[in-house]
Amino acid sequence: MLGVGDFYYELGVQMLELCVATSYRNGGVILLEEVLRRLNQRRRPDNQISSDDVVRAVKKLRVLGSGMEVVATGSSQFIYSIPGELSMDHTTLLQQAETVGHMTVCSAASSLGWTQERVGRTLDHLLRVGIAWRDDQDRPASFWFPAFFQQCTTAE
Amino acid sequence: MAEFEWPWQYSFPPFFTLQPNADVRRTQLDSWCALVVSWGKSNSVSQIDVTEASSLPVFKNNAISRALPVDGIKVVLDELAKRGNLEWTDKTRRRGYLLWRSPSEWGQQIYSWAQSTSRINNVCTLYEINQGDESADQEFHGLDGDILLKALKTLEVTGKAELMDFGDNQGIKFL
């Protein structure tokens, strides 16, 4: 049961606010380490939160239908908080994206063992919601993700 | 002058490609407009010429080999014009004044300076205003002549000044 004043509930609310505040630039996907860094910046040194705390808070919020989800990648985790949850294909591609930073349709198809058409469809959705951006000055066109782009995650 | 701090978007290669989705593009244009205005202010850029804009550092980041294409630059400049930060010099829309401050904001700053330097009811030349020693510490020092004139005209309209012509020179009497 959730009580108002529950540590994880309050943390969850702070996280939601952070996700809403940053979604204009990352499309609703944010690295767990970025969440930790930003939230801990505002907390007293003796009151810091851990990634376990974040994961627990997301789980509690899901009970309330928040639509937030933690996804593990090879080396880290990210949270998404957009309405209309991401499909397996979306999260799989994002896991790949977190590892490589940017991708082309070919490189993704080859790494994931998918058809190019499946990659294209998946990317289309991510482009539409601003999670992925396309770079037409790369040959062939490449796709980047602000949520996993270092200068973006550390920007004010 | 402190070195201009580029925002994260400037290092992000796709920033230099106009994004296909309308909502994402709107966010992207917000960032482009903010960047051009703050860069212009930091570097005292008062005019942008569409045909030369491609070589401006703001539209071209050599470190990542990306440059906003000319039609992208035109979209950004049109957006700046819509937001009142750019004023085309004529209908051809080839050149525009970059207004990181509106002419009336400049006018107010100049008038305050005139008050604090005892210039009210005195005549001074336009040169004194944007190039003279006494304005060296002012933000409007070095202001482009055409924009200066627009700024002073806003003062004229509100009865705070009177523009004067002395043949070769132009002067102004603060009231």
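Return yes or no: is A:GLU117 in contact (Cβ under 8 Å) with a residue 12 or more places away in the chain and of a type in the set (Asp, Glu)? For A:GLU117, the condition - in contact (Cβ under 8 Å) with a residue 12 or more places away in the chain and of a type in the set (Asp, Glu) - is not met. Just one of (1) in the same structural domain as B:ASP30 (by TED's automatic domain parsing); (2) open to solvent by 40 Å² or more (accessible area, probe 1.4 Å) fails for B:THR125. It is (1). Search region A:110-156 for residues being among the charged types (D, E, K, R) and within 18 Å of the chain's Cα centre (by Cα), and hand back the single one that is surrounded by the most Cβ atoms within 10 Å (Cβ to Cβ). Going through the qualifying residues, I end up with A:ARG134. How many residues does region A:130-145 hold that are within 8 Å of chain B (Cβ to nearest Cβ) and farther than 13 Å from A:MET103 by Cα? Total meeting the criteria: 2.
Of everything listed in (1) over 23 Å from A:THR22 (Cβ atoms); (2) crowded, with 16+ Cβ neighbours inside 10 Å, the single unmet condition for B:LEU29 is (1). Of B:GLY96, B:GLY142, all but one fail to be open to solvent by less than 50 Å² (accessible area, probe 1.4 Å) and either touching a Leu at 6+ places or on another chain (Cβ under 8 Å) or not polar (S, T, N, Q) (or both); the exception is B:GLY96. Among the residues of region B:147-169, the ones that are of a type outside the set (Lys, Arg) and open to solvent by 70 Å² or more (accessible area, probe 1.4 Å) come to 8 in all.
For region A:147-156, enumerate the residues that are in contact with a Phe, Trp or Tyr (Cβ under 7 Å, 6 or more places away or on another chain) and either under 17 Å from A:LEU126 (Cβ atoms) or more than 7 Å from chain B (Cβ to nearest Cβ) (or both). Hits for region A:147-156 are A:ALA147, A:PHE149, A:CYS152.
Regarding B:LEU77, is this residue more than 13 Å from the chain's Cα centre (by Cα), surrounded by 15 or more Cβ atoms within 10 Å (Cβ to Cβ) and part of a helix (DSSP H, G or I)?
The answer is no for B:LEU77.
Inspect region B:59-71 for any residue being within 29 Å of B:LEU148 (Cβ to Cβ) and open to solvent by less than 50 Å² (accessible area, probe 1.4 Å) and give the result as yes or no. Among the residues of region B:59-71, at least one is within 29 Å of B:LEU148 (Cβ to Cβ) and open to solvent by less than 50 Å² (accessible area, probe 1.4 Å), which makes the answer yes.
A quick yes/no check of all residues on (1) of a type in the set (Phe, Trp, Tyr); (2) at pLDDT 90 or above:
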site: B:ARG83; (1), (2): no, no
site: B:ARG95; (1), (2): no, yes
site: B:GLN109; (1), (2): no, yes
site: B:SER116; (1), (2): no, yes
site: B:GLY132; (1), (2): no, yes
site: B:GLY159; (1), (2): no, yes
site: B:GLY167; (1), (2): no, no
site: B:PHE174; (1), (2): yes, yes
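The condition (being more than 14 Å from every other protein chain (Cβ to nearest Cβ) and either touching a residue at least 40 places away in the same chain (Cβ under 8 Å) or of a type outside the set (Ser, Thr, Tyr) (or both)) is satisfied by just one residue among B:ASP30, B:ASP49, B:ASP23: B:ASP49.
The values are calculated or read from the model by the stated rules, or taken from the named source; none is laboratory data. From a predicted model like this one, the values you see are computed outputs, not experimental measurements. With ideal geometry, Cβ positions are generated from the backbone for all residues, glycine too; neighbour counts draw on all protein chains shown. All accessible areas refer to the heavy atoms of the entire protein, side chains included, with ligands and DNA or RNA removed. Shrake-Rupley method; radii C 1.70, N 1.55, O 1.52, S 1.80 Å.
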